[in-house]
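Enquirer: I am attaching a structure below and will ask some questions about it afterwards.
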């Protein structure tokens, strides 16, 4: 063939028509071949997926991956098996070549005729026109005589049709199974729709608390995770484990049966949950899906303020109660609680046992962080106990570690009263004045203070006299704008108006009442028991006590004499075979003892002076000095006691005994120098002589006072006897006059 370009013509119509039909049949053949194998592969993959999921119970992630793999495989296989072969369309020569290959008897005459028919300038190429037309005609005749369709692999086409039919039937059966049977529906929901349906099994586990595939827990709390074997399980007696997948890897924990729900409930405690993780349960033939654990901050109290609003009668403003207590709150008070939380809440309440008090938000409830409440509610009283915050946030999460505070209610106690009798012993005369020193205090205010007295006569008068009482108001606090919480003073009770009889038992106490409405609390001091005696009995008793004190002073005088002698003996001591150190230690020890004894003498005589002061005050309170002044002129008890005994003892103690104590301390400094010690002892001895002389003078004054008191007592007794005789005579004379008057 020449190298010149030949003009091309179309194939003869008979050949082109048959080639077009062959190409259509080839496309159909490729479609059937590709789709039949593609459907068969899809069915195989679905069967494998079904088997894997039924056997291993894949979780959501595994099923998602498997679904992705199946979709990817279906797309790739569809492209390779169907789309790609269809895209590679063979040319006319290729088709004719395949036809020639299928019909060997043609001996390429069909292919030659088709090629020559397309050439338009055969003459220019040197070809014989007659021969060319004959070849083309032969090719056309042969094309008419044979079936191009037999070129395709008909057995394979039939097999592909059968495979496609079977695959279609299987797919249709699968679709019917999905709609009619639980097995295929479960697989379809799990692996195609990626739902959480469970395969039919003997045991079904349910992780409690899961919502929308998540378990929401408060951060930092301990969580009791429960897993329940469903009641419709055929096998319920199984061991359940909890698998946890967290930052530290996967761990499997055995769960413990709780003994509830017929043994179907199992428990595992998660401590201090601080990071997010996921978990699933396994038991029997069931393995649950992974559950994502999300952590949220639990509602909690960030700031709390407690105020006790006291009753109006206390006159006090609100009291701030710091911390969680326990706080002692006065009964009748109200409790104001104001709390700030870390997030908006759906519910904020206080719980006390079974009672619940709902708190109110400040501002918009949807975003308010501050709630408050005033306890008690109207018509109720504040209850003591441990109050606990019950918090629920807007997602329904409850607080895990609720704040608490403790309230203890207390009653308004009675006033505290202390009292003492000044210058009064257990014996008093009927006309005595009794000084009562009192100290009264109340936490919230006083209303009144009074003296409460009651007495009864001696046994011989009991038949004629009843027990009598008397109250003396000391002070009444009735100023409305002024609250007095304490009073410390002295009040004098005059017994003369009470007309007491000697021999009576007189009881006295100080009573105070507070300002609590409606009924005041009453506080009472200790009760003082006094015996009413005659003046003569009291004088005799005081004289007896005066003699006792004189004897005690006599003992102190003798002790002072022994102390002075002991000091001189220490100054004249010799070692007598002792070493200088031993002799010095012994002498120093004896000087220390003498100094201690000297101070003890001063203390004892000072106590005697105090006793004489008490005698003097007692005599004045019982008005004994009034009779003595009228009888003895200028000689009074005060002059005898104060001028002759009390003041001299005070001067003796403060001047001479104190000087002697200082000199004794000075003697100790010269304990290792005999000459200097002797000088110090001599100086101290001179002071001792002065002490003894003064003590002798005081003793003499005590003796003179006793003698004088005895004389006064005798004279007063004689005077009382005279008065009694005169009274009896007057009474007798009056009776005689009455008799004569009757005769007339």
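The values are calculated or read from the model by the stated rules, or taken from the named source; none is laboratory data. Since the structure is predicted, the reported quantities are computational estimates derived from the model, not experimental observations. As a convention, Cβ positions derive from the backbone with ideal geometry for all residues, glycine included, and neighbour counts pool all protein chains shown.
Enquirer: Exactly one condition in (1) exposed (fewer than 15 other Cβ atoms within 10 Å of the Cβ); (2) in contact with a helix residue (DSSP H, G or I) (Cβ under 9 Å, 6 or more places away or on another chain); (3) not in a strand (DSSP E or B) is false for residue 478; which is it?
Expert: Unmet condition: (2).
Enquirer: Another question, then. Check off (1) outside any strand (DSSP E or B); (2) under 16 Å from the mean Cα position of the chain (by Cα); (3) within 30 Å of residue 514 (Cβ to Cβ) for residue 406 and give me the number that stays unchecked.
Expert: The failed condition is (1).
Enquirer: For segment 179-195, which residues satisfy the criterion of being closer than 16 Å to residue 58 by Cβ and not in a helix (DSSP H, G or I)?
Expert: 193, 194, 195 - these are the residues of segment 179-195 that are closer than 16 Å to residue 58 by Cβ and not in a helix (DSSP H, G or I).
Enquirer: Quick check, is residue 641 modelled with pLDDT under 85, surrounded by 13 or more Cβ atoms within 10 Å (Cβ to Cβ), in the same structural domain as residue 546 (by TED's automatic domain parsing) and under 30 Å from residue 420 (Cβ atoms)?
Expert: Spelling it out, residue 641 is indeed modelled with pLDDT under 85, surrounded by 13 or more Cβ atoms within 10 Å (Cβ to Cβ), in the same structural domain as residue 546 (by TED's automatic domain parsing) and under 30 Å from residue 420 (Cβ atoms).
Enquirer: Looking at (1) more than 26 Å from residue 202 (Cα to Cα); (2) over 34 Å from the mean Cα position of the chain (by Cα); (3) touching a residue at least 40 places away in the same chain (Cβ under 8 Å), can you tell me which one residue 235 breaks?
Expert: Failed condition: (1).
Enquirer: What residue, of 209, 213, is at positive phi, at pLDDT 80 or above and either in contact with a strand residue (DSSP E or B) (Cβ under 6 Å, 6 or more places away or on another chain) or assigned by TED's automatic domain parsing to the domain that holds residue 54 (or both)?
Expert: 209
Enquirer: Check off (1) modelled with pLDDT under 90; (2) loosely packed, with under 14 Cβ neighbours inside 10 Å; (3) in a strand (DSSP E or B) for residue 381 and give me the number that stays unchecked.
Expert: Residue 381 satisfies all of (1) modelled with pLDDT under 90; (2) loosely packed, with under 14 Cβ neighbours inside 10 Å; (3) in a strand (DSSP E or B) except (3).
Enquirer: If I ask for residues that are free of Cβ contacts under 8 Å to residues at least 12 places away in the same chain and under 55 Å from the mean Cα position of the chain (by Cα), which ones from segment 171-211 would you list?
Expert: Hits for segment 171-211 are 188, 189, 193, 195, 211.
Enquirer: Further, regarding this structure: Among the residues of segment 286-325, which ones are assigned to a strand (DSSP E or B) and either more than 27 Å from the chain's Cα centre (by Cα) or at positive phi (or both)?
Expert: Result: 286, 287, 291, 292, 293, 294.
Enquirer: Moving to a separate point now. I'd like the full set of residues that are under 30 Å from residue 240 (Cα atoms) and surrounded by 14 or more Cβ atoms within 10 Å (Cβ to Cβ), limited to segment 291-328.
Expert: Scanning segment 291-328 gives 291, 292, 293, 295, 298.
Enquirer: Scan segment 668-685 for residues that are part of a helix (DSSP H, G or I) and out of contact with any helix residue (DSSP H, G or I) (no Cβ under 9 Å at 6 or more places or on another chain) and jot them down.
Expert: Residues satisfying the conditions are 675, 679.
Enquirer: Return the residue satisfying two criteria in turn: it lies in segment 358-369 and is surrounded by fewer than 17 Cβ atoms within 10 Å (Cβ to Cβ) and under 23 Å from residue 333 (Cβ atoms), and of such residues it is nearest to the chain's Cα centre (by Cα).
Expert: Selected residue: 358.
Enquirer: So in segment 544-556, with the set limited to residues that are surrounded by fewer than 17 Cβ atoms within 10 Å (Cβ to Cβ) and touching a residue at least 60 places away in the same chain (Cβ under 8 Å), which one is nearest to residue 429 (Cα to Cα)?
Expert: 545
Enquirer: Looking only at residues that are over 12 Å from residue 525 (Cα atoms) and over 40 Å from the mean Cα position of the chain (by Cα) in segment 435-452, which one is surrounded by the most Cβ atoms within 10 Å (Cβ to Cβ)?
Expert: 448
Enquirer: Here's another thing I want to ask about it. Listed residues 483, 469, 522; which is buried (at least 16 other Cβ atoms within 10 Å of the Cβ) and either more than 30 Å from residue 704 (Cβ to Cβ) or touching a strand residue (DSSP E or B) at 6+ places or on another chain (Cβ under 6 Å) (or both)?
Expert: 483
Enquirer: State the number of residues belonging to segment 419-434 that are part of a strand (DSSP E or B) and either surrounded by 16 or more Cβ atoms within 10 Å (Cβ to Cβ) or not assigned by TED's automatic domain parsing to the domain that holds residue 489 (or both).
Expert: 6
Enquirer: Let me ask something else about it. Suppose the filter is part of a loop (DSSP other than H, G, I, E, B), over 24 Å from the mean Cα position of the chain (by Cα) and in contact (Cβ under 8 Å) with a residue 24 or more places away in the chain; does residue 413 pass it?
Expert: yes
Enquirer: Scan segment 573-599 for residues that are in contact (Cβ under 8 Å) with a residue 40 or more places away in the chain and within 17 Å of residue 557 (Cα to Cα) and jot them down.
Expert: 594, 595, 598, 599
Enquirer: Every residue in segment 242-269 that is at pLDDT 90 or above, assigned to a strand (DSSP E or B) and under 30 Å from residue 393 (Cα atoms), please.
Expert: 242, 243, 244, 245, 265, 266, 267, 268, 269
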